[in-house]
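The values are calculated or read from the model by the stated rules, or taken from the named source; none is laboratory data. None of these values were measured; they are calculated from a predicted model. All Cβ positions, glycine included, derive from the backbone under ideal geometry; neighbour counts span all protein chains shown.
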Amino acid sequence: MESFNRICLMLFLFLKLSNQSDPRLFQRKVANYPAMDVVGPKPKPEWITAYEQEKAAGRIPNIPPAIKLGPGSIKYPSGVNPLDPNVCSWTMGCKSPHDINDAPDGMMGISFDDGPQGGAVELLRFLKSVNQTATHFMIGSRILGNPKDFQAALTQGDHIAVHTWSHPLMSTLSDQAVLGEIGWTLQIIFDLSGGRLPAYWRPPYGDADNRVRAIAKKVFGLQTVIWNHDTNDWCVTSQDTNTCGNAGPANQAAVTSEIKGFAASSKSPGLIILEHEITVHSVRAFSDSWSTIKAAGWDTRPIPSLFNHPWYQNAIGAFDNPIKLNSVLNATSYINDQLTRPTKDLTSDVIASTSNSSLSQNSTNSPQSRAQSGMSRKEFKSGQFFLVFMIISLFSQI
Ligand SMILES: [Zn+2]
């Protein structure tokens, strides 16, 4: 009986220690992340190695960092033309054909930046009430400070994307600082989402050039997303007053009428409106516009769903088990062909395919071997239930 008690205790400890969603585990992990809002945090060595390979292969252009003039304002060193297609600074007026700026005709991309912050809870409540999912371009430091609201967005089935660690003007940073800003935001999302690797990012202020775009895409596999309409809703404070002086909307009501105006405009191209979940007022401007948006017939979707693209690099939608990855580096070469296959549950599909003897035995980096070596969260949970069931069964026999 005593040894049985010991086995039960060990099983109990195993279950406790292996529970990935235990918030105490996250509190211990916090020390692994950079300090909140530090600009250009030091990247992990493996990200530097991946970057150096891309750089040596000529896939990351030699564009000098821009110089910061003020909030949202930059200039480039003399001799650099920011409108040259090989530089293509969005802030200076160049639209890259590689960015997502517009939605397809008739569609409206639903996205919110800078979360999880003051308006996050109300936003999720509203989205749920109208059965709508959205893309949340989240700031790594805000996730670190507010992991509960991050989890709530994930649990509700919303789409999570990257909005950097400290919200800087990315084109003004060194290559290493760009690596740190994107890498750490990916890392915290990856860690807290059961291993989902984001596929989309939005540069703060839209500030990207071809150097920044290339680091995001080639090192981390991220697609750059901008917008084609701007509410300037961030100008509205939590007291519903304007913080931008003469520029921007006076208050929530002004943002609402602006969004309604966008909704009444042409359906070609489709809309991607820059909106924020900073305060309840920016969120209410959206919710107050909702009936107008729907009455105008807009097809409203999270950003990747506008193009029927997967939400993550290793999962198609919110509730698919992600293919297990060992890092946040660009996973395209490992999983691209898996993502294009018509399957809902990637992990189970990949595991099923490994029973096929035609697969290579020594491919240690293939998605098959990665998926095979890892246990998905859902499988892990069901394993826990099985162990609990076994313990109860043993007790009932004693
Ligand atoms: Zn932002």
(message) Could you go through the range 233-240 and let me know if any residue there is within 24 Å of the chain's Cα centre (by Cα) and surrounded by fewer than 17 Cβ atoms within 10 Å (Cβ to Cβ).
(response) no
(message) Take Leu127 and tell me if it is out of contact with any Asp or Glu (no Cβ under 8 Å at 6 or more places or on another chain), more than 16 Å from the ligand (Cβ to nearest atom) and in the same structural domain as Ser282 (by TED's automatic domain parsing).
(response) no
(message) Test of understanding: among Tyr334, Tyr312, which residue is modelled with pLDDT of 95 or more, out of contact with any His (no Cβ under 8 Å at 6 or more places or on another chain), of a type in the set (Phe, Trp, Tyr) and within 22 Å of Ile189 (Cβ to Cβ)?
(response) Tyr312
(request) Take Ser291 and decide whether it is away from the ligand (no atom under 16 Å from the Cβ) and assigned to a helix (DSSP H, G or I). (result) yes
(request) Kindly indicate the residue of the range 203-218 that is in a helix (DSSP H, G or I) and either in contact with an Asp or Glu (Cβ under 6 Å, 6 or more places away or on another chain) or of a type in the set (Gly, Ala, Ser) (or both) and also surrounded by the most Cβ atoms within 10 Å (Cβ to Cβ) among those meeting that condition. (result) Ala216
(request) Just name the residue that is surrounded by the most Cβ atoms within 10 Å (Cβ to Cβ) out of those in the range 139-184 that are on the phi > 0 side of the Ramachandran plot and touching a helix residue (DSSP H, G or I) at 6+ places or on another chain (Cβ under 7 Å). (result) Thr164
(request) Name the one entry in Val236, Val162, Val212 that is within 14 Å of the ligand (Cβ to nearest atom) and either within 12 Å of Phe137 (Cα to Cα) or free of Cβ contacts under 8 Å to residues at least 60 places away in the same chain (or both). (result) Val162
(request) Determine whether Val212 is touching a Pro at 6+ places or on another chain (Cβ under 7 Å), assigned by TED's automatic domain parsing to the domain that holds Thr172, modelled with pLDDT under 95 and not hydroxyl-bearing (Ser, Thr, Tyr). (result) no
(request) Taking Asn321 as the residue in question, decide whether it is closer than 20 Å to Phe150 by Cβ and outside any helix (DSSP H, G or I). (result) yes
(message) Go through the range 264-281 and report how many residues are under 20 Å from Trp234 (Cβ atoms) and touching a Leu at 6+ places or on another chain (Cβ under 9 Å).
(response) 3
(message) Please determine whether any residue of the range 103-112 is touching a His at 6+ places or on another chain (Cβ under 8 Å), of a type outside the set (Ser, Thr, Tyr) and within 15 Å of the ligand (Cβ to nearest atom).
(response) yes
(request) Quickly run through the range 184-202 and pick out the residues that are in contact with a His (Cβ under 8 Å, 6 or more places away or on another chain) and either away from the ligand (no atom under 16 Å from the Cβ) or part of a loop (DSSP other than H, G, I, E, B) (or both). (result) Ala199, Arg202
